[in-house]
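Take a look at the structure set out below.
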Amino acid sequence: MKGKNCVVTGGNSGIGYETARALAQAGANVKIVSRNPEKAEAAVKSIRAKAPDTHIDYVLADLSAQKNIYNAAQDVLKDFNTIDILVNNAGAWFSKLELTEDGVERQFAVNHLAYFLFTKELMGGLAASDDGRIICVGSDSHFHGKIHFNDVSLRSNYHGLRAYAQSKLANVMFVYELDRRLKEKRLENIDVNCVQPGRVNTDIGLKHTISFHSLAWRIRRLGGLSPAAGAATSIYLATENEVQGLSGKYWDKCRPKPSSPGSYIEEDARRLWEISESLCGIEDYFEGLSSV
């Protein structure tokens, strides 16, 4: 990993922090993406203390806003002409319906569209790598998910769990469809995989929730995995030579496993892709990239 360029969204805490820390300690150049400057600065200082010889820095971005995603990608590319590892890790959970400044339900925006758009904006850097790897942190919650194609923001029937499960199903479907399209473009130097981290003891269910949901999360996470354990599969996919060339899979405990039956419906994945492009104002996801 020495000298490789890595980007980790949500790298200031939890699974993202442990992923960034492990990559930095392995000798990689790491940029974490965080919306909180104080937490980002604290995370960078902590990681530098553990890995003083590495290069680690942060980029500020609230990934719910598409303009911030564009700006964050440009900031990354100023320093990294080549991107070897992109870990789409940042996620959110909201009890109540909230719309972003782009008019999209916030969980769908942060948990799915941010993965979709940030990956697109960094695709040139990934294509420049001999061994580009995209890792998207998903969840087994997707087994309960359904894509509400006619109302992805769930304006007419919102529930936090329904929105979260939809966004996590979107993660898996995005990975599978991106893998197909990368192969069509003959960009086979880029692997993309989705990770199930397990039930991890993090604060995701405490930040934007009503008191009942916050209490339920506190109970649910009791006995959960440590963030370091939850990050293990992401770190494995980022660092191990043996997984090079393995792409378009759903991983749990460092092994691929089947995802939900609905996640394999290619027609639905194409439809989700088209909706995502429309919501992000994208005409050509691979613009400027020529097939190799």
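Could you check how many residues of segment 236-292 are hydrophobic (A, V, I, L, M, F, W, C), touching a strand residue (DSSP E or B) at 6+ places or on another chain (Cβ under 9 Å) and either surrounded by fewer than 11 Cβ atoms within 10 Å (Cβ to Cβ) or assigned to a loop (DSSP other than H, G, I, E, B) (or both)? It would help to see each step written out before you state the result.
Narrowing segment 236-292 to residues hydrophobic (A, V, I, L, M, F, W, C): 237-238, 243, 246, 251, 254, 265, 269, 272-273, 275, 279-280, 282, 286, 289, 292.
Pick out the ones that are also touching a strand residue (DSSP E or B) at 6+ places or on another chain (Cβ under 9 Å) and you get 237-238, 243, 246, 251.
Of the ones still in play, those that are also either surrounded by fewer than 11 Cβ atoms within 10 Å (Cβ to Cβ) or assigned to a loop (DSSP other than H, G, I, E, B) (or both) are 246.
Number of matching residues: 1.
What's the total number of residues in segment 18-30 that are of a type outside the set (Gly, Ala, Ser), within 10 Å of residue 6 (Cβ to Cβ) and surrounded by 24 or more Cβ atoms within 10 Å (Cβ to Cβ)?
Step one: filter segment 18-30 for residues of a type outside the set (Gly, Ala, Ser), giving 18-19, 21, 23, 25, 29-30.
Narrowing further to those that are within 10 Å of residue 6 (Cβ to Cβ): 19, 23, 29-30.
Filter again for surrounded by 24 or more Cβ atoms within 10 Å (Cβ to Cβ), leaving 19, 23, 30.
Residues that pass the stated criteria total 3.
Hey, among the residues in segment 241-255 that are without any contact (Cβ under 8 Å) to a residue 24 or more places away in the chain and within 19 Å of the chain's Cα centre (by Cα), which one's farthest from residue 180 (Cα to Cα)?
First, the residues of segment 241-255 that are without any contact (Cβ under 8 Å) to a residue 24 or more places away in the chain: 241-242, 254-255.
With the extra rule that they be within 19 Å of the chain's Cα centre (by Cα), the set shrinks to 254-255.
Details: 254: 22, 255: 20 Å.
Selected residue: 254.
What's the total number of residues in segment 120-169 that are among the β-branched types (Val, Ile, Thr) and modelled with pLDDT under 95?
Initial filter on segment 120-169 (among the β-branched types (Val, Ile, Thr)): 134-135, 137, 147, 152.
With modelled with pLDDT under 95 added as a condition, the list becomes none.
Final tally of qualifying residues: 0.
I need the full set of residues from segment 41-65 which are crowded, with 21+ Cβ neighbours inside 10 Å and within 17 Å of the chain's Cα centre (by Cα), in order please.
If we filter segment 41-65 for residues that are crowded, with 21+ Cβ neighbours inside 10 Å, which is where we start, we get 43-44, 47, 56, 58-59, 61, 63-64.
Selection gives 58, 59, 61, 63, 64.
Step by step: first the residues of segment 124-139, then only those that are among the hydrophobic types (A, V, I, L, M, F, W, C) and outside any helix (DSSP H, G or I), then the one that is farthest from the chain's Cα centre (by Cα). Which residue is that? Can you show your working first?
Let us first name the residues in segment 124-139 that are among the hydrophobic types (A, V, I, L, M, F, W, C), namely 126-128, 134-137.
Now narrow it down to the ones that are outside any helix (DSSP H, G or I): 128, 134-137.
Working: 128: 20, 134: 9, 135: 7, 136: 4, 137: 5 Å.
Per the criteria, the residue is 128.
Would you call residue 79 in contact with a strand residue (DSSP E or B) (Cβ under 6 Å, 6 or more places away or on another chain) and of a type outside the set (A, V, I, L, M, F, W, C)? Talk me through it step by step, then tell me what you get.
Numbers: in contact with a strand residue (DSSP E or B) (Cβ under 6 Å, 6 or more places away or on another chain): no; of a type outside the set (A, V, I, L, M, F, W, C): yes.
Considered against the rule, which asks whether it is in contact with a strand residue (DSSP E or B) (Cβ under 6 Å, 6 or more places away or on another chain) and of a type outside the set (A, V, I, L, M, F, W, C), residue 79 comes out as no.
For residues that are of a type in the set (Ser, Thr, Tyr) and in contact with a strand residue (DSSP E or B) (Cβ under 9 Å, 6 or more places away or on another chain), scanning just segment 19-66, find the one that is modelled with the lowest pLDDT. Lay out the reasoning, then the answer.
Within segment 19-66, the subset of a type in the set (Ser, Thr, Tyr) is 19, 34, 46, 54, 58, 64.
Now narrow it down to the ones that are in contact with a strand residue (DSSP E or B) (Cβ under 9 Å, 6 or more places away or on another chain): 19, 34, 54, 58.
Details: 19: 97, 34: 96, 54: 82, 58: 96.
Looking at residues that are of a type in the set (Ser, Thr, Tyr) and in contact with a strand residue (DSSP E or B) (Cβ under 9 Å, 6 or more places away or on another chain), I get 54.
Just need a number here: residues in segment 27-67 that are assigned to a helix (DSSP H, G or I) and in contact with an Asp or Glu (Cβ under 7 Å, 6 or more places away or on another chain).
Going through segment 27-67, the residues assigned to a helix (DSSP H, G or I) turn out to be 37-50, 66-67.
With in contact with an Asp or Glu (Cβ under 7 Å, 6 or more places away or on another chain) added as a condition, the list becomes 44, 66.
Residues meeting the conditions: 2.
Determine which single condition residue 70 fails, assuming it passes every other condition in (1) free of Cβ contacts under 8 Å to residues at least 60 places away in the same chain; (2) under 19 Å from residue 115 (Cβ atoms); (3) outside any helix (DSSP H, G or I).
The number of the failed condition is (3).
Identify the residue in segment 101-117 that is of a type in the set (A, V, I, L, M, F, W, C) and in a helix (DSSP H, G or I) and, among all such residues, is nearest to residue 194 (Cα to Cα). Please lay out each step first, then the result.
Taking segment 101-117 first, the residues of a type in the set (A, V, I, L, M, F, W, C) are 104, 108-110, 113-114, 116-117.
Pick out the ones that are also in a helix (DSSP H, G or I) and you get 108-110, 113-114, 116-117.
Working: 108: 17, 109: 18, 110: 16, 113: 15, 114: 15, 116: 13, 117: 16 Å.
Here the residue is 116.
Just name the residue that is farthest from the chain's Cα centre (by Cα) out of those in segment 66-123 that are polar (S, T, N, Q), under 29 Å from residue 183 (Cβ atoms) and surrounded by fewer than 20 Cβ atoms within 10 Å (Cβ to Cβ).
Our first condition is that a residue be polar (S, T, N, Q); within segment 66-123, this holds for 66, 68, 71, 74, 81-82, 88-89, 95, 100, 107, 111, 119.
Retained after the next criterion (residues that are under 29 Å from residue 183 (Cβ atoms)): 66, 74, 81-82, 88-89, 111, 119.
Of the ones still in play, those that are also surrounded by fewer than 20 Cβ atoms within 10 Å (Cβ to Cβ) are 74, 81-82.
Details: 74: 18, 81: 20, 82: 19 Å.
Once the filter is applied, the top-ranked residue is 81.
Mind counting the residues in segment 163-193 that are more than 21 Å from residue 88 (Cα to Cα) and free of Cβ contacts under 8 Å to residues at least 40 places away in the same chain?
1
Restricting the first residue to segment 47-62 and requiring it to be among the hydrophobic types (A, V, I, L, M, F, W, C), which pairs with a second residue that is crowded, with 18+ Cβ neighbours inside 10 Å and assigned to a loop (DSSP other than H, G, I, E, B) meet a Cβ separation below 8 Å and a spacing of at least six or different chains?
If the second residue must be crowded, with 18+ Cβ neighbours inside 10 Å and assigned to a loop (DSSP other than H, G, I, E, B), the pairs left are 47/54; 60/35; 61/35.
Do we find that residue 15 is within 21 Å of residue 110 (Cα to Cα), free of Cβ contacts under 8 Å to residues at least 40 places away in the same chain and within 15 Å of the chain's Cα centre (by Cα) in this structure?
Details: within 21 Å of residue 110 (Cα to Cα): yes; free of Cβ contacts under 8 Å to residues at least 40 places away in the same chain: no; within 15 Å of the chain's Cα centre (by Cα): yes.
Spelling it out, it is not the case that residue 15 is within 21 Å of residue 110 (Cα to Cα), free of Cβ contacts under 8 Å to residues at least 40 places away in the same chain and within 15 Å of the chain's Cα centre (by Cα).
Condition check ((1) assigned to a strand (DSSP E or B); (2) at pLDDT 90 or above) across all residues:
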| position | (1), (2) |
| --- | --- |
| 180 | no, yes |
| 187 | no, yes |
| 195 | yes, yes |
| 209 | no, no |
| 214 | no, no |
| 219 | no, no |
| 223 | no, no |
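The values are calculated or read from the model by the stated rules, or taken from the named source; none is laboratory data. These figures come from a predicted structure and were not determined experimentally. Note that each Cβ is placed from the backbone with ideal geometry, even for glycine, and that neighbours are counted across all protein chains shown.
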